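Below is one structure, written out as structure tokens; the observations come after it.
Readers should treat all values here as calculations from the given coordinates under stated rules, not as data from a laboratory. All values derive from a computational prediction rather than experimental measurement. Positions of Cβ are generated from backbone atoms using ideal geometry, with glycine treated the same way; all protein chains shown enter the neighbour counts.
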Amino acid sequence: MKRIINFFRKDVWRKLLALMLACLLYWNLSDREKVSKPVSVPMELEVAAGLFLPEDYKLDVRVMAKGTERALNNLKIKGNIKVDRNDRMNGKFRLRLDERNFEHRKDVEITRIEPEFVELPVQMYIQRDVKVTPKTSGKVLDGFELKALSCDPATIRIGGPENEVNAIEYIETEPLKLDFDRNFTQKLKLIHPQLPNIVCSANETIVKVDISPVLNQRKVFENIPVRYLFPHTLSSSGVLENRFTILPSVSRVSVIITAPPALFEEIEPEKLYVVADLSAEMLSKHSERINVRLYCPETMRSFSAGRIREIEIHPAVVSVTVQPDNINKTIKKQ
């Protein structure tokens, strides 16, 4: 024990200096030992004029930083990516990252970057003209037709990301009511696409509506069947007292209808027929040839409403021979 105490008492200052030099040497040697540390780096994106990048897009990359423990403690790395038109290849912006994309202290080295390649959702900012299309509701009054719709301006310019602009074929207006029988003009608002990045050059358009009286069309329907109708007289016992046999001269005729073109879309030719209505007075002329006027009941409703301008039946009158039937037949009362 005394030896140890005497050791420290002798030449104290020299021993303290040696201890200090040993500590400094250890500190210096230990600070030169380098280690690696993973660091997540948020990247700052700068796009050139004429390019578009969504504002909410964020990109983080993982780098491996190498340096001394002291250098890596509280290490701050700033990442930056600059994008211009020349970075586009095959329609995509795919860039390779390297150490030049990062700012950090000089005694730290970036040894690995993950991912090494990044594909950014950058798009070209473009402009093009699209057609203005009026959106209509209702229809013009009967007897009239819509001849034309025109807008002023007829086109507007839209701008935005390339994929969004190319997806827009036209711009619609707010609904335009067509229940008129005359020409008119109306200012309408444009319905802009529900895309926040699209910019339109106009908000309104003036729509000119051309409405004209309908020009009628004449159409022939061939081989329309004829239905012959005649009354039956029943006795109190249910016996058909007067039964007749009719001998028509024709069974099919032609029907010519003059009407607006749109009305022909409603007419079904297979449901058309004409009627020869034989009255009791006609039937009293047994074995005589009588003339019967034909009419077309399926179209009479439209004709009376003024939608069909004219109906012609050829032949309009047919000859019918009426002969009494000598055989009485009992039928059930309805």
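The length gained by stretching the chain between Leu19 and Arg128 to full extension, at 0.36 nm per residue less their Cα-Cα distance, is 31.2 nm.
Among residues other than Ala65 with Cβ under 14 Å from its Cβ, the summed charge is +4 (Lys and Arg +1, Asp and Glu -1). Once backbone amide H atoms are built at 1.01 Å from N, Tyr125 has Leu51, Phe52 as its partners under 5 Å, excluding neighbours fewer than 5 places away on the same chain. Scalar couplings 3J(HN,Hα) for segment 172-185, obtained by applying the Karplus form with A = 6.51, B = -1.76, C = 1.60 to θ = phi - 60°, are 8, 9, 5, x, 10, 7, 10, 6, 10, 10, 8, 6, 7, 10 Hz; x denotes Gly and Pro. Residues whose amide H lies under 5 Å from that of Thr68, counting only those 5 or more places away or on a different chain, are Val35; hydrogens are built 1.01 Å from N in the peptide plane. The 3J(HN,Hα) values that the Karplus relation (6.51, -1.76, 1.60; θ = phi - 60°) gives for segment 189-204 are, in residue order, 7, 8, 8, 6, x, 7, 10, x, 9, 8, 10, 10, 7, 8, 10, 9 Hz. Gly and Pro appear as x.
Backbone geometry of segment 54-60 corresponds, through the Karplus equation with coefficients 6.51, -1.76 and 1.60 at θ = phi - 60°, to 3J(HN,Hα) couplings of x, 5, 8, 6, 10, 9, 10 Hz, x marking Gly and Pro.
Scanning residues 5 or more positions from Tyr228 or on other chains, those with amide H under 5 Å from its amide H are Ala276, with H placed 1.01 Å from N in the peptide plane. Between Ser279 and Arg252, the simple label model (points 7 Å from Cα in the Cβ direction) yields a spacing of 3.1 nm.
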